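These notes concern the structure reproduced below.
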Amino acid sequence: MMRSITTLTFLSLFLLLQAPRTHAQLGDAGEMLRASTEDANLLLENYLQPFGSGFGAGLNAGWFNSAKPYGKFGFDLRAGASIALVPSTGLVFNAFDQTYQSLEYLGGPVESQTISGDDISGTTLGQTFTYTHPVTNEEITETLFQFDMPAGTGLPYVPAPMAQLSIGLIKDTEVAFRFMPVVDIEDVASIGLWGIGVKHGLNQWIPGGSTMPVDIALQFGHTSLTAEAFFEVDPQMDADTENSYSAATWEDQGIKLQTSGSTYNLLVGKNLPFISLYGGLGYQSSVMAISTPGSYPITIPNADYDPSVSGSKIKKIDKVDEPIDFELIGENSFHATGGLRLRLALITISASYTLADYPVANVGVGLSFR
């Protein structure tokens, strides 16, 4: 697989804070597309699971920096980043002990890294076939193809940068917007994002709520991100392989990601002159749909192989269209959140931490007016 500027540019947009090592890892993961559709889906799902859970958790963070909604026509414009921490259970998976349709274990370690695991090459997988030589009657075993499971990035976290505008309305209600129009870089990548959130103060509905020493609020947020990058998986050729496809067949290859996350929170907090403190309990969910448009080469036995015919090949290149189509369901559900906001004139600095299966730390800086 070519580790091209295509993948580098896409991941620079999509994982703004991630290290360059990630770029090569996603490119290497494309080698799995040489397997059958079922096996490629199984392997990619295991390899990318912590990325789906971590990125979904990151999208669900950073919606609020106080329990009290902004006053009427007050606003907060801020930029920030969430870092989801991948638990140890999300760093490796057993690539040997899987139920494959056609893949075989060909060597290497039994345990393979996920994208968030260590920078260590994984299990060698592939497919072999045995045939009887039509002249000598000898049983011959050939390797159709093989690949090593990609290494991890060595970075057990998933970042999610974000910009957000929050505006206060009537009845102690605040709405928040996240939006980035689709950015297209021709033949390289595209990415777009939108989100909407609502926070509503509950003190007004509680008898004596206006005299309570703390603010209580309900909050909801939903974010959706669509991204696409392009890469290249070429036929795995050798002297015994026939290929009747032109190079144009493998154009338009890539990966599409559609990620959405929703979060619901009950918040309690207190605004002081220069600092706001808050905590809360909530529920969140996320899903990342992954697909691969384009055609991809696979190697199969050549049913027309005849050693008596000059130039006849044992193997041949075939193709499979759009082989990957699955969803990664986020592993986070119930969570607890705590945070604070410092206010320096119109400038605010905020930080929070969400305790969940994939813990999330969030920091932000913004321009605020009550």
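The values are calculated or read from the model by the stated rules, or taken from the named source; none is laboratory data. Remember, predicted model here, so these are calculated numbers, not experimental data. Backbone-built Cβ (ideal geometry, glycine too); neighbour counts: all protein chains shown. Only protein heavy atoms, including side chains, enter the accessible area calculation; ligands, DNA and RNA are left aside. Shrake-Rupley method; radii C 1.70, N 1.55, O 1.52, S 1.80 Å.
Observations, loosely collected:
- Only one of TYR264, TYR278 that is within 30 Å of MET162 (Cβ to Cβ) and open to solvent by less than 60 Å² (accessible area, probe 1.4 Å): TYR278
- Residue list for the range 149-186, restricted to those being more than 21 Å from the chain's Cα centre (by Cα) and modelled with pLDDT under 90: GLU186
- Qualifying residue in the range 283-300 (condition: surrounded by fewer than 19 Cβ atoms within 10 Å (Cβ to Cβ), in contact with a Phe, Trp or Tyr (Cβ under 6 Å, 6 or more places away or on another chain) and more than 30 Å from TYR131 (Cα to Cα)): yes
- Where strands (runs of 3 or more DSSP E) fall entirely within the range 60-136, those with at least 2 residues that are out of contact with any Lys or Arg (no Cβ under 9 Å at 6 or more places or on another chain), farther than 30 Å from GLY364 by Cα and at pLDDT below 90 are at 124-132.
- Annotation note: Cβ proximity below 6 Å between a residue of the range 20-37 that is at pLDDT below 65 and a residue that is among the aromatic types (Phe, Trp, Tyr) (sequence gap 6+ or interchain) occurs for GLY27/PHE231.
- For beta carbons closer than 9 Å, sequence separation of 6+ or different chains, a first residue in the range 107-124 that is closer than 12 Å to THR153 by Cα and in contact (Cβ under 8 Å) with a residue 24 or more places away in the chain and a second that is of a type in the set (Phe, Trp, Tyr) and open to solvent by 10 Å² or more (accessible area, probe 1.4 Å), the qualifying pairs are GLN113/PHE93; THR114/PHE51; THR114/PHE93; ILE115/PHE51; SER116/PHE51; SER116/TYR157; GLY117/PHE93.
Per-residue answers, yes or no, for (1) under 24 Å from ALA289 (Cβ atoms); (2) open to solvent by 30 Å² or more (accessible area, probe 1.4 Å):
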| position | (1), (2) |
| --- | --- |
| ASP325 | yes, yes |
| GLY330 | yes, no |
| HIS335 | yes, no |
| ILE349 | no, yes |
| SER352 | no, no |
| ARG370 | no, yes |
